Amino acid sequence: MSDETPFRYTAAMAQDIELAWQDVWEDTGAFNAPNPAGPWAQPDEVAALGSKMLVLDMFPYPSGAGLHIGHPLGYIATDVFSRYHRMQGKNVLHALGYDAFGLPAEQYAVQTGQHPRKTTEDNIVIMKRQLRRLGLGFDERRTYATIDEDYYRWTQWIFTQIRESWYDPSVVRADGSLGAARPISELVSALAEGTRSVPEMAGRAWSELSAVEKARVLDAHRLAYTSEAPVNWCPGLGTVLSNEEVTNDGRSERGNYPVFRRNLRQWMMRITAYADRLADDLDRVEWPEKVKIMQRNWIGRSTGASVHFPVVPVTGPRAGEPTTIEVFTTRPDTLFGATFMVLSPEHPLVESLVPEGDWPVGTHDSWKGADSGATGTPREAVTAYRRAASRKSDVERQIEEKDKTGVFTGTWATNPLTGEAIPVFVADYVLMGYGTGAIMAVPAGDERDFEYAVKFGLPIIDVVAPAGPDGQVAEGWEGTVAAGAAFTGDGIAINSANADVSLNGLPMAEAKARITAYLQEQGIGAGTVTYRLRDWLFSRQRYWGEPFPIVFDSDGIAHSLPDSMLPLTLPDVPDYSPKTYDPEDAASEPEPPLSRVPEWVEVELDLEDGRGLQRYRRETNTMPNWAGSCWYYLRYLDPANSDALVDPANERYWVGPQSNPVPDAPAGTRDPGGVDLYIGGVEHAVLHLLYARFWHKVLFDLGYVSSEEPFRTYFSQGMIQAHVFRDDRGQPVPAAEVEEHGEGAEATWTWRGQPVTRELGKIGKSLKNAVSPDEMYEAYGADTLRIYEMSMGPLELSKPWETRAAVGSLRFLQRLWRNVVDESTGSVRVVEEEPDQALTTVLHRTILGVREDYEALRFNTAIAKLIELNNAVTKLAAPPRSVMEQLVLMTAPVAPHIAEELWRRLGHEGGLSRGPFPVGDASLIVEDTVTCIIQIKGKVRDRVEVSPAIGEAELRDLVLAREKVVAATADGIRTVIVRAPRLVNVVPV
RNA sequence: GCCCCCGUAGCCCAAUGGCAGAGGCAGGCGACUUAAAAUCGCUCAAGUGCGAGUUCGAGUCUCGUCGGGGGUACCA
């Protein structure tokens, strides 16, 4: 310990300063944001502030594992941004709550017998303390957790609103487009009055329907409904999962257990009703293009046509009655080339197309199925194939080669344009879950169909040929059979004509338009749009989630609980665990924990619907984790409001549509409103962000919010990665104990004497490379950690963590400190003299640059500019007060504790969370001379000091007179490019 | 396979189409110290993965290619 510098800024001093200022902030409510209305209405305070700004973080799950240094990255970024804007007098709302329902707490409860509420609340306390130590400026009044009864009361209320609504495609919205959620009561009235009918009524009058039938009709339209549908059943977790929670290889995203398709009655959300709006409105928000693409892909809208292929069933009750196989195609222009059809193994029509008895005469052996040889019958072959397909788990389908398999059904359909009989196959490369589960196969125009046709010896007719330079069919094209591959690109239609219609010679777009019109005219088909997006599976067989505010009557009809019965609280249960099974046991049945509390499940209630006291059975599933995180940003706006999820005036103020659309929005776009800045990782790109947008749009349609989108601006942060060291068995070893030898490309690493390899990976306990924020506070302080994380590189990129590099950030703060405080005496050492012109120039250039950087989230370059200015001051004998004050203010967003402390020591009272923030003056950026570079043909050949105010003509003359220029231009000059005062480029002949 | 992002000093990263370096780490030298750590000062270091093209001029724009990362995949 040195006695000579007792006032040096060290980690220990940083700790004292940081803790003290965190107390001050808490005591003064420094980050409280006033509301215009609602229980906390402070309209005068709102009016006294400038414009509003709502900054949002990803909703954290309070894990018991503790934070590592990767977790707070986004929180630091939003805090810097919030502080910067707050210092400029804006009303900044930045708050943090907790997404506290969920599996880990429940699994921990199962292991320890502790109530999940207890462990969850304990974890929240721990996490709050860790985050507070970082100096994050949250409005502490606005924190809550999704497990709070007065929070999930509203989650249940929103669910009820969604369930009591349907999507009316004929409603004209304010912007003139069609379709919106409306109360289901409107549908009931219209059906009762007969002004509307729906196919589910099968032509009967509403009054003729029984209660059960009415409920079934309405369920076909409600935005939240129960359905017996194939779902993702995960025996290992004992619950069902949404499509989004299942990985590509057919396993659970959480736990990596096998997932099976099962028919089970489950709650669904009709998100597909919003598919178009969810896709279209991406144009109106400011999000990374990458994330927009991921959402568009997930929604998977594709436009094409549905086409009916005549076919005559050969068995079953409808045998002999002509019907059609409906297919969806994005290439109706290739319909003349459809030489066979394929149904998915699950397609309902398959059964009726398989003839009894033997194969039709002449059926090729390869069409009769893999193992049947020439002996089996069509029924045996098809049944065997379908059984094999159904037994394949999704995992097996993925692992298998994409080798085409299939079986001929024994029946031919008719190509509606050519009149040709085309064979119908069953093959598992056609999926029941997409389109109609049946395709027309055009081998010449589709790679998969081509492969299948080649394997099964089916005809291939070229219907599109590549276009030559003249826009006609390219000369010398030998066709797809000769090429050995389908032609899937844009081209010119050929071989595509019958007596009524010809596409020949047309490019793809025109061919599509003409044939679609023709199909429509003939009643064979119509233009259609299909989506990859499926309705959202919304129930889980878990304990630790929001109970559904739903009861079933003795007929099994679901009823929403009235508002007065909310919240429906979660009862205690004898056992928190759902019944889990052998992960491979596909035949197991879900059994939710709540079903084991009969006194809670069986109730007698008056639902205030005029039916009086009735016996009911409660829904025993719970909502998925996404429910609470679908609307949490709205509750920050008015967390104490017990009359509404958010007061409409508060909603309008904080997230209402703004007067200007976001940058790059199409001309004429109306602003959708939403959060001003949302920072988070890309892992939520399709799940959380899509679900929340859907709920928000329902709330908008129903008039509860004025904004059409929840997240107006979204920024996707990169990941902090860390080196992973592995021993010769490939096991990670503790990164902190690894020694490095040599440097650069020659570097090697050892752990306890044995050589280890190094790679870059995620941070985590299992990889033994986690560094906790607490270690960093101890060694450097929170401000240094904040500066280091923000200066590592662009926020959107992933960057490797290197603890030893953080010392650079500490040194910066030490130099900043030393420029204000004498390290040996503790006295303030700034002088009252004004800075000279050179420093004034650096100062104002810095202010202008730093402001731009903060606004654009370029914190790494902002910090570099602050360091540069500080280094310039360090070189002086005495730091000018005016410069240091402005530097301290500019540093405050990234390193708020030290900035507060220095600001106080510089003699200012009252803290600086509300500023001021320096304003730069471009006119004070004055330089005596600037260096003009002189290029000959673009290469730098000379330079000259000139006045920054030099005119173009003067500079040109000056440069042309230079010796090197004269020498280089002996043969004359072609052109001279002058960019006064910095550059002249002379191009000789 | 397809789509997106990134390749600049040993490392992390800057650079409105205009002198490749803002900032940091590491390294080297020096100061301070009995010594070390810490701190301070100075310093070394790449022609921008590779190949074409556009341009008076390319790290930056275009095309191709290689490498790394991410997304997605029989989606008709």
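Assign one of three labels to region A:559-661, namely rounded, prolate or oblate, based on the Cα gyration tensor with a ≥ b ≥ c the square roots of its eigenvalues; rounded applies when a/c is under 1.5, prolate when it is not and a/b is larger than b/c, and oblate otherwise.
Details: a/c = 2.95, a/b = 1.51, b/c = 1.95.
Cα axes put region A:559-661 in the oblate bin.
List the relative contact order of region A:687-744 as a percent without decimals, with contacts defined as Cα pairs under 8 Å and 6+ residues apart. Present the calculation step by step, with values, prior to reporting the outcome.
Values: 26 pairs, mean separation 10.5, N = 58.
With pairs under 8 Å counted, the relative contact order is 18 percent.
Would you list which lysines come within 21 Å of A:Lys964, measuring only between C-alpha atoms, while excluding same-chain residues fewer than 8 positions from it?
Cross-link targets: A:Lys937, A:Lys939.
Over the Cα atoms of chain A, how large are the radius of gyration and the largest Cα-Cα distance (Dmax), in Å?
Expressed in Å, the Cα Rg and Dmax of chain A come to 34.7, 107.
With only alpha-carbon atoms counted, please give the Rg and Dmax of region A:698-828, in Å.
Considering region A:698-828 through its Cα atoms, Rg and Dmax are 21.4, 68 Å.
Any idea which of A:Gln107, A:Ala872, A:Phe456 is furthest toward the positive side of the dipole for chain A, if Lys and Arg beta-carbons carry +1 and Asp and Glu beta-carbons -1?
Towards the positive end, the residue furthest out is A:Ala872.
Give me the percent relative contact order of chain A, please, defined on Cα pairs under 8 angstrom at least 6 residues apart. List each step's numbers first, then the result.
On the way: 1906 pairs, mean separation 143.9, N = 989.
For chain A, the relative contact order is 15 percent.
Ranking request for peptides A:843-851, A:251-259, A:749-757: highest mean number of other beta-carbon atoms within 10 Å first, then the rest in descending order. Walk me through the intermediate numbers first.
On the way: A:843-851: 21.7, A:251-259: 17.8, A:749-757: 13.9.
Sorting A:843-851, A:251-259, A:749-757 by mean packing, highest first, produces A:843-851, A:251-259, A:749-757.
Please identify which residues in region A:691-705 have an amide N closer than 16 Å to a label point set 7 Å out from the Cα of A:Arg670, following the Cα→Cβ vector.
The answer is A:697-705, whose backbone nitrogens lie closer than 16 Å to the label point.
Using alpha-carbon positions, what is the distance between the centroids of region A:457-509 and region A:901-943, in Å?
64 Å
Tell me, what does the Kirkwood hydrodynamic radius of region A:247-386 come to in angstroms if you use every pair of distinct C-alpha atoms? List each step's numbers first, then the result.
Values: mean 1/r = 0.0505 Å⁻¹.
It works out to 19.8 Å.
Please report, in debye to the nearest 20, how large the charge dipole of region A:930-988 is about its Cα centre when each Lys and Arg carries +1 at its beta carbon and each Asp and Glu carries -1 there. Don't jump to the answer; show the numbers that get you there.
Values: 10 positive and 7 negative charges, 61 e Å.
The dipole of region A:930-988 has a size of about 300 debye.
Once the cut-off is 15 Å, how many percent of the Cα-Cα pairs in region A:444-485 end up in the long-distance tail?
Numbers: 359 of 861 pairs.
Across region A:444-485, Cα pairs with separations above 15 Å total 42 percent.
Computed over the Cα atoms of region A:808-885, what is the ratio Rg over Rh, Rh following Kirkwood?
Across region A:808-885, the Cα-based Rg/Rh ratio is 0.99.
How big is the gap, in Å, between the Cα center of region A:66-94 and the Cα center of region A:292-339?
52 Å
Show me, bin by bin at 5 Å from 0, the whole-percent P(r) of region A:646-707 based on Cα pairs.
Over region A:646-707, the share of Cα pairs per 5 Å bin runs 4, 16, 21, 24, 23, 11, 1 percent.
Sorted from fewest to most neighbouring beta carbons within 10 Å, what does the list A:Lys52, A:Lys762, A:Lys875 look like? Could you put the intermediate results ahead of the total?
Values: A:Lys52 19, A:Lys762 16, A:Lys875 7.
Placing the least packed residue first, the sequence is A:Lys875, A:Lys762, A:Lys52.
Looking at the square roots a ≥ b ≥ c of the eigenvalues of the Cα gyration tensor of region A:94-204, which shape do they give, rounded for a/c under 1.5, prolate if a/b is larger than b/c, or oblate?
Taking the square roots of the gyration eigenvalues as a ≥ b ≥ c, region A:94-204 is prolate.
Taking the Cα centre of each part, how many Å lie between region A:817-840 and region A:130-204?
With region A:817-840 and region A:130-204 each reduced to a Cα centre, they are spaced 59 Å.
Please list the radius of gyration and Dmax for region A:930-988, considering alpha-carbon atoms only, with Å as the unit.
Gyration radius and largest Cα-Cα distance of region A:930-988: 10.2, 31 Å.
Toward the positive end of the charge dipole of chain A, about the Cα centre and with charges on Cβ (Lys, Arg +1; Asp, Glu -1), which of A:Ala338, A:Thr377, A:Val831 goes farthest?
So the residue furthest toward the plus end is A:Val831.
Compute for region A:781-926: radius of gyration divided by Kirkwood radius, i.e. Rg/Rh, restricted to C-alpha atoms, rounded to two decimals. Could you put the intermediate results ahead of the total?
Working: Rg = 14.8 Å, Rh = 15.5 Å.
Result: Rg/Rh = 0.95.
Just check region A:244-316 against the gyration tensor rule for me: Cα atoms, a ≥ b ≥ c as the square roots of the eigenvalues, rounded for a/c under 1.5, and otherwise prolate or oblate depending on whether a/b exceeds b/c. Numbers along the way, then the final one.
On the way: a/c = 2.30, a/b = 1.22, b/c = 1.88.
Oblate.
Of A:Val354, A:Val188, how do they rank once you tally other Cβ atoms within 10 Å and put the fewest first?
On the way: A:Val354 25, A:Val188 16.
Listed from fewest to most nearby Cβ atoms, that is A:Val188, A:Val354.
Quick check on packing: order A:422-433, A:586-597 by the mean number of other C-beta atoms within 10 Å, highest mean leading. Mind showing how you got there, number by number?
Details: A:422-433: 20.4, A:586-597: 18.0.
Highest to lowest by the protection proxy: A:422-433, A:586-597.
Mean projection of the alpha-carbon convex hull of region A:614-747 over all orientations, in nm²?
Mean projected area of the Cα convex hull: 17.2 nm².
Of the peptides A:919-925, A:448-454, how do they stack up when ordered by the mean number of other Cβ atoms within 10 Å, highest first?
Numbers: A:919-925: 12.9, A:448-454: 20.9.
The most tightly packed comes first, giving A:448-454, A:919-925.
If the chain between A:Ala586 and A:Val361 were fully stretched, how many nm would it gain, using 0.36 nm times the residue separation less the Cα-Cα distance?
Numbers: separation 225, 0.36 × 225 = 81.00 nm, distance 4.08 nm.
Gain in length upon complete extension: 76.9 nm.
We did not get these values from a lab; they are worked out from the coordinates using the rules stated. Model, not experiment: these values are computed from the prediction. Methodologically, a virtual Cβ is constructed for each residue, glycine included, from the backbone with ideal geometry; neighbour enumeration extends over all protein chains shown.
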